[in-house]
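The structure appears below as structure tokens.
The values are calculated or read from the model by the stated rules, or taken from the named source; none is laboratory data. Small disclaimer: the values here were computed from a predicted structure and weren't measured. Note that each Cβ is placed from the backbone with ideal geometry, even for glycine, and that neighbours are counted across all protein chains shown.
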Amino acid sequence: MNFSDILASTLHDTKNSLGILFNNLEDIIATCKEQKCPSHIEFYKLQYEIKRLNSSLIRLLSLYKADKSQLAINIDYHSISEFLDDVTTQHEILLDSRGIEMETQCDEELFWAFDRNLLTGVFDNVINNSFRYAKQKVRLSAFKENGYLVLRIEDDGVGYPSSMVFNERQHPDFKKETSFATGSTGLGIYFSLMVASQHKNREKCGFISIINGGKYGGGVFSIFLP
Amino acid sequence: MQRDFPFRNYFLFLFKYFTILYNDKLMRFSLKKAETKNDISLKSKKVLVIEDFFNFRLTMKNMLRSFGVLYIDDATDGEEAIHKMTIRRFDVVLCDYNLGQGKSGQQVLEEARYRNYINYSTVFIMVTAENTLEMIMGAAEHQPDDYLMKPFAKEVLEKKIRSLIQKKENFKEIDKAIAENSYALAINLCDDLIAKSPRNLSELLKLKGELLLKIGNYQEAYDFYEKVLLMGNVGWAELGRGKADLMLGNYLQAKVIFEGILAKNDKIMAAYDYLAQTLAKLEKHKEAQQVLMKATNISPRAIMRQKALGNLAYRNDDFSVAENSFKKAVEHGKYSCMRSPSDYTSLAKTLVHLDASEESLDVLNVALKEFPDSDEAKLHVSVTESYVYKKMNREEDARKAMAEANTIAESIAGGIPPEVELELAKTYIMMGEEEKGTKIIKRIVQCNYDREETIDIVKTVFKEVGREDNGQQFIDRAKDEIIALNNEGVALTQEGRIEEAIDYFEKAALHVPENKIINANAAQVLMLYMKEYGVNEEKIAKTKMYLDMVKKIDDHYKDLPMLQAMYNELVPG
């Protein structure tokens, strides 16, 4: 057994433990709510951390597989509004516990071909980040632009540090800098870059952009899919 | 269990001190909940939870109860789950992938679909503790509606169930059409829905493609998939286009497509199967074997693939690979609805080639015990037994087994699958009863000359009795004979000698009772006669008999709708 096998199986094992932990906590929160106990709000914070751990592990596993060229891509044609609804359900309770409201804007008739699992991973990372930095609003939106689907997550927080603001189109070498892929947010963006680049259609390839401003003046993360 | 107590004490403590402080936040929550409640009611839905761990089972059931499901049943293993599904039709099935001993969640799904316990409008959610992508392994042909990765919050489960039920609501009519074999109607219903682009557009597109392939409209299927692929490299559409290519005989093109799919994602198991089929069509049997060996390495539990590999390896004289595959098919098939006596007889035949005749006879004995009530299994075993004895030079035993096979075959006349009959024929030839053997083979070729999988088995039979060269010739001659026979009847009809044509086709149908074209033509000339000279009861009865035979042989025969329409015209109501 080589080290990467050990690592992979440990990751799975850890994920399973997290699963049990998460479900137990879920039961506790349910009982707690039933008894009108206010501490479930506190437990949500625990759940948030478990989710963060979980998505870190998924991210790690995916990046490892992409590095070994073992990452399997599974492209299907999805309803974007449904995808955004699913993302919202995944996160709204936790965000709500911090008083952050989620809003979605998307044409009901918008469909696109992409890998849903990978994109869910990207959204989990970015929204987990918003959980920390947003004040009251997280906005998800999707629209077509120049033959790309743009999926956007923006908030009303302080925005990304200037070292992270970039648009891959303008800084094509940016992703090669190793110093970039450090720290949790950095890794998350590294992961998003990987996911974007896995989406190719004919001659076009996906990319991301990170700016500050947007509708609520905070961080604006966008992923462009061909 | 022990850990429960400190936890409980802990939040009881919190409960005492913080209730009043946080009251306003609680209010906000209950308001939010109320908003999502007004879409569909889950009250009338029957839900089955399949999970071997007591704790998870309880958690899931509690979650379901909390959002209003009244009817919840559970099962702790696959056997129990299948049993419950035979008694009751469920609207939603939540199934754990890893069920410990016995059937896996995947096998539960396969069997439920295979036996029509669930249909397109049933919601089947596979619950898994592992990464979703890995679950696709061995499952490409049978995907659940969704995977749910532990951990999940109850809100996520509720949302998923609600949206899947809502999404599948529009499958109900299509399900009905499919259950009645009205595929053309099902395709029309798909088109109507697709035009409205509902949220499950992708599933509808996918189903439409599958239906087109199923009824044999390969060119239309090809064009359809090409159109879908314009929107992006959708995995199932690539696979579907490859399938259409394979069926249209564009083997080189199909090969490129399947190889391309695997280059991008080597876990799309169906692509291995079709690539192997394509390579076999291109007479590259060794390469086909390599492809399936790679696939079974990744996912050893898929028994249909193990069988296909075993057959290929057997054909390639690679008996140790064949042995390994058939053994796996037997082992993993134990709890599967896909198992068949041929898994055992194939293994027995392979073992003979590896000089393990005694083990071979043991395997046949096991087969009899595993399928105690099946005449077909008994026949299959007797024929194989005879083959094994023959190879062991135990002529007397071989003859005895053959005589027994003969008796069983006569008692179940008609309903014997062609592959078992071919085994019978092969053994006749090996025992020196040339005439009996070739007579069976000829009939099978003439009834099934358009079914390539049967013709492939015929070729293998000739190879095994050491006459590979004669085989193709024999098949071609048998085919030509039946085509000439048919053409003569058609010529009579065209010359207007319709009474002679009727007579002719009736005789032909006696000669090759399971040839669908002869049967269809017999029905058609009878109906042409009645159109001209009026309906008569005897001819109507005969027509119906021939049409029923065509339906029995091939439900999707392309001329069947036309013939049926003609019949309905003659016999209104």
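Restricting attention to the stretch B:315-322, does a residue exist that is closer than 22 Å to B:E376 by Cα, β-branched (V, I, T), at pLDDT 90 or above and in a helix (DSSP H, G or I)? No, every residue in the stretch B:315-322 fails to be closer than 22 Å to B:E376 by Cα, β-branched (V, I, T), at pLDDT 90 or above and in a helix (DSSP H, G or I).
Checked against (1) at pLDDT 85 or above; (2) within 25 Å of B:D450 (Cα to Cα), B:A541 passes all but condition (2).
Anything in the stretch B:202-254 that is within 13 Å of chain A (Cβ to nearest Cβ), part of a loop (DSSP other than H, G, I, E, B) and touching a Lys or Arg at 6+ places or on another chain (Cβ under 8 Å)? List them, or say none. Listed by number, the list holds a single entry, B:N233. Residues in the stretch A:25-39 that are within 8 Å of chain B (Cβ to nearest Cβ) and of a type outside the set (S, T, Y): A:E26, A:D27, A:I28, A:A30, A:C32, A:K33, A:Q35, A:K36, A:C37, A:P38. For the stretch A:51-92, a tally of residues being within 12 Å of the chain's Cα centre (by Cα) and not in a helix (DSSP H, G or I) returns 0.
Here A:E101, A:E145, A:E92 are screened, and the one residue that is within 12 Å of chain B (Cβ to nearest Cβ) and more than 25 Å from A:I58 (Cα to Cα) is A:E101. Of the numbered criteria (1) of a type outside the set (S, T, N, Q); (2) out of contact with any helix residue (DSSP H, G or I) (no Cβ under 9 Å at 6 or more places or on another chain); (3) at pLDDT below 80, the one A:V150 fails is (3). All of (1) crowded, with 21+ Cβ neighbours inside 10 Å; (2) under 30 Å from B:K61 (Cβ atoms); (3) more than 9 Å from chain A (Cβ to nearest Cβ) hold for B:P151 with one exception: (3).
Let's see how each residue does on (1) assigned to a helix (DSSP H, G or I); (2) hydrophobic (A, V, I, L, M, F, W, C):
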position	(1), (2)
B:K286	yes, no
B:L292	yes, yes
B:R301	no, no
B:L309	yes, yes
B:L312	yes, yes
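In the stretch A:112-142, which residues are surrounded by fewer than 20 Cβ atoms within 10 Å (Cβ to Cβ) and within 11 Å of chain B (Cβ to nearest Cβ)? Listed by number, the residues that qualify are A:R116, A:N117, A:T120. For the stretch B:414-436, a tally of residues being under 17 Å from B:Q472 (Cβ atoms) and touching a Leu at 6+ places or on another chain (Cβ under 9 Å) returns 0. Scanning the stretch A:110-134 for residues that are in contact with a helix residue (DSSP H, G or I) (Cβ under 8 Å, 6 or more places away or on another chain), among the aromatic types (F, W, Y) and not in a helix (DSSP H, G or I) yields a total of 2. Inspect the stretch B:275-284 for any residue being assigned to a helix (DSSP H, G or I), closer than 17 Å to B:Q143 by Cβ and in contact (Cβ under 8 Å) with a residue 40 or more places away in the chain and give the result as yes or no. The answer is no; no qualifying residue exists. Checking each residue in the stretch A:40-68 for being surrounded by fewer than 19 Cβ atoms within 10 Å (Cβ to Cβ), within 10 Å of chain B (Cβ to nearest Cβ) and charged (D, E, K, R) picks out A:E42, A:K65. For the stretch B:247-255, state whether one or more residues are modelled with pLDDT under 95 and of a type in the set (D, E, K, R). No, the stretch B:247-255 has no match at all. Comparison of B:G471, B:G489, B:G466 shows that the only residue that is of a type outside the set (D, E), out of contact with any strand residue (DSSP E or B) (no Cβ under 7 Å at 6 or more places or on another chain) and loosely packed, with under 13 Cβ neighbours inside 10 Å is B:G466. For the stretch A:195-208, a residue qualifies if it is under 19 Å from the mean Cα position of the chain (by Cα) and either farther than 19 Å from A:D124 by Cβ or acidic (D, E) (or both), and exactly one does: A:F207. Of all residues in the stretch B:165-178, exactly one satisfies the criterion of being touching a residue at least 40 places away in the same chain (Cβ under 8 Å) and within 11 Å of chain A (Cβ to nearest Cβ), namely B:Q166. Inspection of the stretch B:69-83 finds no residue satisfying the criterion of being among the charged types (D, E, K, R) and within 14 Å of another protein chain (Cβ to nearest Cβ). Residues of the stretch A:8-17 that are within 8 Å of chain B (Cβ to nearest Cβ) and either farther than 22 Å from A:L187 by Cβ or surrounded by fewer than 19 Cβ atoms within 10 Å (Cβ to Cβ) (or both): A:H12, A:N16.
Of all residues in the stretch A:2-16, those that are within 16 Å of B:M149 (Cβ to Cβ) have Cβ atoms under 6 Å from Cβ atoms of residues that are at pLDDT 75 or above, 6 or more apart or on another chain, in A:L11/A:L57; A:L11/A:L61; A:K15/A:L57. Regarding the stretch B:185-193, can at least one residue be identified that is closer than 25 Å to A:Y148 by Cα and either more than 13 Å from chain A (Cβ to nearest Cβ) or buried (at least 17 other Cβ atoms within 10 Å of the Cβ) (or both)? No, the stretch B:185-193 contains no residue that is closer than 25 Å to A:Y148 by Cα and either more than 13 Å from chain A (Cβ to nearest Cβ) or buried (at least 17 other Cβ atoms within 10 Å of the Cβ) (or both).
For every residue, the table says whether it meets (1) modelled with pLDDT under 95; (2) within 20 Å of the chain's Cα centre (by Cα); (3) among the β-branched types (V, I, T).
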| site | (1), (2), (3) |
| --- | --- |
| B:G242 | no, yes, no |
| B:L262 | yes, no, no |
| B:D273 | yes, yes, no |
| B:E287 | no, no, no |
| B:P300 | yes, yes, no |
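Does A:D5 count as part of a helix (DSSP H, G or I), surrounded by fewer than 19 Cβ atoms within 10 Å (Cβ to Cβ) and more than 10 Å from chain B (Cβ to nearest Cβ)? Spelling it out, A:D5 is indeed part of a helix (DSSP H, G or I), surrounded by fewer than 19 Cβ atoms within 10 Å (Cβ to Cβ) and more than 10 Å from chain B (Cβ to nearest Cβ). Picking from residues in the stretch A:203-222 that are in a loop (DSSP other than H, G, I, E, B), on the phi < 0 side of the Ramachandran plot and touching a residue at least 60 places away in the same chain (Cβ under 8 Å), the one that is surrounded by the fewest Cβ atoms within 10 Å (Cβ to Cβ) is A:K215.
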